[in-house]
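A short write-up of the structure that comes next.
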Amino acid sequence: MSHGYATYGDDPEFSQEYAEPADPARRDLDELFAAVDGLREADDRLGQDVADLTERLESGAPDDRIALLGRQLERLQQQVRVLERAVRVADGVPQADLDDVGPETRALAAEAARWDDLHKELVTKDQRARYAEEIAHLDAVRAALSRCDADLLEVIRVLASTDRASRARGDAESSLRALSTRRRTLLDEEIPAASAAAETARLSLREADAVEARVVPQLERAERAWHDLQVRLRTRITDALGSSALLPMWFGNALGVAPPSGTSGDAWIRTAASVLAYRVTFGVTDPALPMGPPAPEGADTTERRWTWRARLESDLDELSL
């Protein structure tokens, strides 16, 4: 409303003279926002198509298009994430470099990484049980010799107290031959072998005790280092989430941008900290792949790096992100 006199908005000369210049950066940002909105709408439509087809599939009406639509949906979701990231970068949102942990945290990771190699030096409970069996076996064959000697004394008593023609004497003579052979086998073969095996087992147990006395304190330090590393990395991630910083691409690809609600949130943050621990431990710097490229052809997949990677991949799958 002009109230009978010209206002700035009514003055064409003023409008032409003081018109705001176009901001190319703002225009690019608006175009990014528009692109994201368009992709979101396409994502929603395609998601509904997949849901409808899934319902038809479960009701007994299979449709070959569901696999294709699923792949299209995944590609659209990836494009949305890429564009959303571009929008946030263009809008000046600070980026969190989770990998830049500093030398102290890397030292903790190196100390924690010693646990597996240290643990391999320890003698297992099963091996200790086998050593104990070797020692016990010597006692068993010695006890067998004692029983054999007692039986021989009884046979000699029978021989001394019976007539030559009696049946009991004939049985005693047969027993005497068998017991004599058994005693000679125990003395010449079984007891020497059992003694050598028991001595070897005792030496092995003494060595195992010495290794344990040396290694267990180092294992405890490695366990404390792992706990401290997890606490540091967990705090690093939660601080980045709390500041609304832009998380790295590898993090978003593997874990999304925020923990799920409910009890699964704790599993999410534990897995996130473990993935970051993996990157720190093995020096992974790949910007897109959370654990870097897979094991090369011919690699020993029983090595700690690859078994740990397999566990993390399983943990990520269980999160159903």
| Out of all the residues in the range 136-170, which are among the hydroxyl-bearing types (Ser, Thr, Tyr) and either open to solvent by 50 Å² or more (accessible area, probe 1.4 Å) or part of a helix (DSSP H, G or I) (or both)? | SER146, SER161
| remark: Of the listed residues (ARG232, ARG221), the one being in contact (Cβ under 8 Å) with a residue 40 or more places away in the chain, over 25 Å from ASP286 (Cβ atoms) and under 31 Å from the mean Cα position of the chain (by Cα) is ARG221
| Just for the range 176-192: of the residues that are open to solvent by less than 80 Å² (accessible area, probe 1.4 Å) and of a type in the set (S, T, N, Q), which one is nearest to ALA140 (Cα to Cα)? | THR185
| query | What is the number of the single condition among (1) open to solvent by 40 Å² or more (accessible area, probe 1.4 Å); (2) modelled with pLDDT under 95; (3) of a type outside the set (D, E, K, R); (4) within 27 Å of the chain's Cα centre (by Cα) that GLY92 does not meet? | reply | (4)
| field | Residues that are under 19 Å from THR105 (Cα atoms), touching a residue at least 12 places away in the same chain (Cβ under 8 Å) and open to solvent by 30 Å² or more (accessible area, probe 1.4 Å), drawn from the range 235-272 | value | ARG236, THR238, ARG270
| Where residues in the range 285-311 are surrounded by 19 or more Cβ atoms within 10 Å (Cβ to Cβ) and more than 10 Å from the chain's Cα centre (by Cα), which of them is farthest from LEU247 (Cα to Cα)? | MET291
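Taking the condition of being of a type outside the set (Ser, Thr, Tyr) and assigned to a helix (DSSP H, G or I), how many residues in the range 296-321 meet it?
Taking the range 296-321 as the starting set, the residues that turn out to be of a type outside the set (Ser, Thr, Tyr) are 296-300, 303-306, 308-313, 315-319, 321.
Subset that is assigned to a helix (DSSP H, G or I): 304-306, 308-313, 315-319.
Total meeting the criteria: 14.
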| Quick one: which of GLU133, GLU173 is surrounded by 13 or more Cβ atoms within 10 Å (Cβ to Cβ), among the acidic types (Asp, Glu) and within 30 Å of ASP209 (Cβ to Cβ)? | GLU133
| query | Restricting the range 104-121 to residues that are touching a residue at least 24 places away in the same chain (Cβ under 8 Å) and hydrophobic (A, V, I, L, M, F, W, C), which is surrounded by the most Cβ atoms within 10 Å (Cβ to Cβ)? | reply | LEU108
| said: Can you tell me which of (1) among the hydrophobic types (A, V, I, L, M, F, W, C); (2) free of Cβ contacts under 8 Å to residues at least 12 places away in the same chain; (3) open to solvent by less than 60 Å² (accessible area, probe 1.4 Å) is the one LEU203 doesn't meet? | reply: (3)
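The values are calculated or read from the model by the stated rules, or taken from the named source; none is laboratory data. The structure displayed is predicted, hence computed values, not measured ones. A quick note on method: Cβ atoms are made from the backbone with ideal geometry, for glycine too, and the neighbour counts reach across all protein chains shown. Heavy atoms of the whole protein, side chains included, go into the accessibility calculation; ligands, DNA and RNA do not. Shrake-Rupley method; radii C 1.70, N 1.55, O 1.52, S 1.80 Å.
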